[in-house]
Amino acid sequence: MPKILFVEDDPFIAEIYIKKFESSGFEVKNVATGKAVLKAIQEEDFDLTLLDLVIPELSGMEVLEQLQKNAQDYPKRSKVIVFSNLSSPEDRQRCLDLGADGFISKTEFSPSQVVDEVNRFLRQFNEQNKNHARHTSSENGEAATSKNKKILFIEDEPVFVEMFTKRLRDEGYEVTAKHDGIEGLKEASLGGYDMVISDIMMPGLNGKDMVHQLRETEEGKNVPVILLSASVEIDEMEELSKAGIANHVFMKTQITPSDLVYAVNNFFAAQ
Amino acid sequence: MWKFIYISEALYVFLILFELIRALLYKKYLGRKKEILAVCLGVIFFLGFFSWGNIIGSLSSDWSVAQYGLFGMPIFVAFLAYSIVKYQILDIKTLAVQVLVAAITILVGAQFFFVRTPLNRSLTLLTLVCILVFGYMLIQSVKREIQRKEELQKMADSLARANERLKDLDNTKSEFISIASHQLRTPLTAIKGYISLLLEGSYGKVPPNIQDVMNKLYSVNDRLIQLVEDLLNVSRIEAGRIQYNFEETQLEPLVADLIDGFKVAAKDKKLTLKLELPEHGLPKLLVDPNKLKEVLSNLIDNAIKYTKEGSVAILLQQSGPAIRIQVQDTGIGMAPENKAHLFEKFVRSKETSRMVVGGAGLGLFVGKSFVQAMGGRIWAESEGPGKGSTFIVELPLVNTTSKAGKIEKPK
């Protein structure tokens, strides 16, 4: 459960956000003043601090300054996201110089969108650490840890092939890419894959028909399938997963490559 | 006596021939020559046939020949019928009036031969002249009338055609939006994906200030993705491909929950955000809660966006056989002429375009479609620009148009 420090001095506003965060599975600690922020960061571990700039005692900027100046006093310092209404680029730059890790505008996002943004930042920071570790280890000549899973990726749009397969390979999966439904079906029915990820709208043979035909083959009967689509309707996606044709159906515009990787990871972890 | 008839018959034939030649020569009758030819030939044939019978009869004293003249009649009728069907040359109304006038003329004209006193004769003559004059005027006016009707008909036809064409264009446009949106998604998805990979450090460490810029890019791109979805929604609504999920819903908590989401935005603009609930609990309604939330949240969002100072109040009340949800603000208001178009696609009133830039003008259009699908109606009231607006959603207590569960609603 991610734990966040939420800095907000208006109790009514704080309550709204805390409710939202808690219902999305966060653990939230709310503090109202600058000094309380510093104390909390010193004493407790947080995954993220959401820092309002206009708070009593010490302003948000001053809090950032303290954290930067006396870094040795705050070994547990979490990532800090400035959660305020910053409009001027100078203010933004100052916060960045003082070590802020990101911004969420209070006015641009509704409370539930703020939760989504926080989730995105957490994932981003998490991935940054992982990537950093990967890069330094590959510099030392070590290969990325292999997960020993083979994935067949079928997609006609080269840019998606590159983007998604890069991310899957970074994660340690062995990925083969095919560029249309017919070739993909041929490859998948040869067997040997732990998962098939396919686009739906493709020339020649579309993803849905491809999977239907794949299910007829001996090798493809039980292989897990994730479908990606740029245009499938939500109801249609539900139908496909209910019919057991696909294990997951994703709207391409709604996911990032990492989201896809998490789904793949979760699937294999649950096996 | 007979000679008189022969002469007049010959005279008529020549008159018709003259008219025919005149008609064929003059440009005025261009395009109607065939009709005129058909009718004139028919009349000449008929008269020729008819009179030849009589002439031969009188010359040979064999009157039985005369009756063959009557066979000219079917020929005339045939010509006439052909002309009517083929060229729609006579319309019945003019013909009827002409026949009527002719009949009266003949009747009165016949009187002329029977009356003997000069006074009566002159009276009959006067009547005859009057009838001829008025008859002529009557026929002309009927003709004018018919002409006008024809013009109206033509105009109505071309309007109907124009309307058809407009509908076609609207469909083409919706289709275009749908195709364009699909095509737009591919690059948008790629942008989203690559920015996220960059931000996550997949391509190496990114300095904080560049991360900040890329985070902005990411959220701007997400806004674009949302906009494309909205456009697609519109074409879905127009194609009647929206699915509704009807459930028995208690409105008070739904609205209260919604308002929570706007408290921060309202506080930020120093606006009071109020919710006024009725004293007694409201009955549950059969609606699609998510669609209703979308409609109301759009209204509240607009109210906050377009109000500089004052308050935004949401009122829930039962009014007769319906429940009313009012979103009332002290904002920019609207001119009466804008009210009617507010719920159309891509419409943003002059007042709104000055204050806020975002928004494609789709929210209210989508809202109207949703509310109508739930059996209700939505409208706006305002005293005028600067005097605040009230948006009212009225939902019937008994939703006769839908039943619980998933259904597809045609538009």
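Just so it is clear, none of the values below were taken in a lab; they were calculated from the coordinates. For clarity, every value in this text was computed on a predicted model and none was experimentally measured. Cβ placement follows ideal geometry from the backbone for every residue including glycine, while neighbour counts extend to all protein chains displayed.
Some notes on this structure:
- The protein assembly as shown, Rg to Rh (Cα coordinates; Rh as Kirkwood inverse mean 1/r): 1.28
- Applied to the stretch B:278-288, the Karplus parametrisation 6.51 cos²θ - 1.76 cosθ + 1.60 on θ = phi - 60° returns per-residue 3J(HN,Hα) values of x, 4, 9, x, 8, x, 6, 10, 8, 9, 8 Hz, with x for Gly and Pro.
- Whether the stretch A:1-138 is rounded, prolate or oblate, judged on the alpha carbon gyration tensor where a/c under 1.5 counts as rounded: rounded
- The trypsin sites (Lys or Arg not before Pro) of the stretch A:191-271 that DSSP puts in a loop, and whose beta carbon has at most 11 other beta carbons within 10 Å, are A:221.
- Residue B:249 long-range amide H proximity, modeled H, under 5 Å: B:285, B:286, B:287
- The simple spin-label model puts a point 7 Å past each Cα toward its Cβ; for residue B:173 and residue A:43 those points are separated by 6.3 nm.
- Our coupling estimate for the stretch B:382-387, obtained by passing each phi through the Karplus curve with A = 6.51, B = -1.76, C = 1.60 and θ = phi - 60°, is 7, 6, x, x, x, 10 Hz, Gly and Pro reported as x.
- In this Cβ point-charge picture (+1 for Lys and Arg, -1 for Asp and Glu), the protein assembly as shown has a dipole of about 3900 debye about its Cα centre.
- Under DSSP loop assignment and at most 15 Cβ neighbours within 10 Å, longest GluC sites (Glu not before Pro)-free interval of chain A: A:143-217
- For chain A, size of Cβ-based charge dipole, Lys and Arg +1, Asp and Glu -1, in debye: 580 debye
- For the residue pairs A:166/B:291; A:3/B:308; B:269/B:387; A:79/A:150, the C-alpha atoms sit more than 30 angstrom apart in A:166/B:291; A:3/B:308; A:79/A:150.
- Over 25 Å between alpha carbons, listed pairs A:39/A:130; A:208/B:293; A:20/B:216; A:106/B:274: A:39/A:130; A:208/B:293
- Cβ-placed point charges (K, R +1; D, E -1), dipole of the stretch A:1-132 about Cα centre in debye, nearest 20: 340 debye
- Multiplying the residue separation of residue B:341 and residue B:324 by 0.36 nm and removing their Cα-Cα distance gives an extension gain of 3.9 nm.
- Förster radius 22 Å - calculated FRET efficiency between residue B:372 and residue B:182, Cβ distance, rounded to 0.05: 0.25
- When the charge dipole of the stretch B:119-270 is built from unit charges on Cβ atoms (+1 for Lys and Arg, -1 for Asp and Glu) and taken about the Cα centre, the candidate among B:181, B:228, B:133 whose Cα reaches farthest toward its positive end is B:133.
- Highest-MSF residue in chain A out of A:133, A:14, A:243 [GNM, Cα springs under 10 Å]: A:243
- Integer Hz, Karplus 6.51/-1.76/1.60 couplings in order for the stretch B:316-325, x for Gly and Pro: 10, 7, 8, 9, x, x, 8, 10, 9, 10
- Given R0 = 56 Å, the distance between the Cβ atoms of residue B:275 and residue A:215 translates into a calculated FRET efficiency of 0.60.
- For the stretch A:207-271, a/c is not less than 1.5, where a ≥ b ≥ c are the root eigenvalues of the C-alpha gyration tensor, and a/b does not top b/c. That puts it in the oblate class.
- Of interest is the spacing of the C-alpha centroids, which for the stretch B:241-263 and the stretch B:281-310 amounts to 8 Å.
- Put simply, the amide H of residue A:201, placed in the peptide plane, has neighbours under 5 Å in A:207, A:230, leaving out anything fewer than 5 places away on its chain.
- Here's the picture: charge each Lys and Arg Cβ at +1 and each Asp and Glu Cβ at -1 in the protein assembly as shown, and of B:77, B:13, B:202 the one pushed furthest to the positive end of that dipole is B:13.
- When shorter helices are ignored and each DSSP H run of at least 4 residues is given -39500 (n - 2.57), the per-residue value for the protein assembly as shown at 222 nm works out to -19000 deg cm²/dmol.
- Amide H contacts under 5 Å for residue B:323: B:395, B:397, restricted to partners 5 or more places along the chain or on a different chain, H placed in the peptide plane at 1.01 Å from N.
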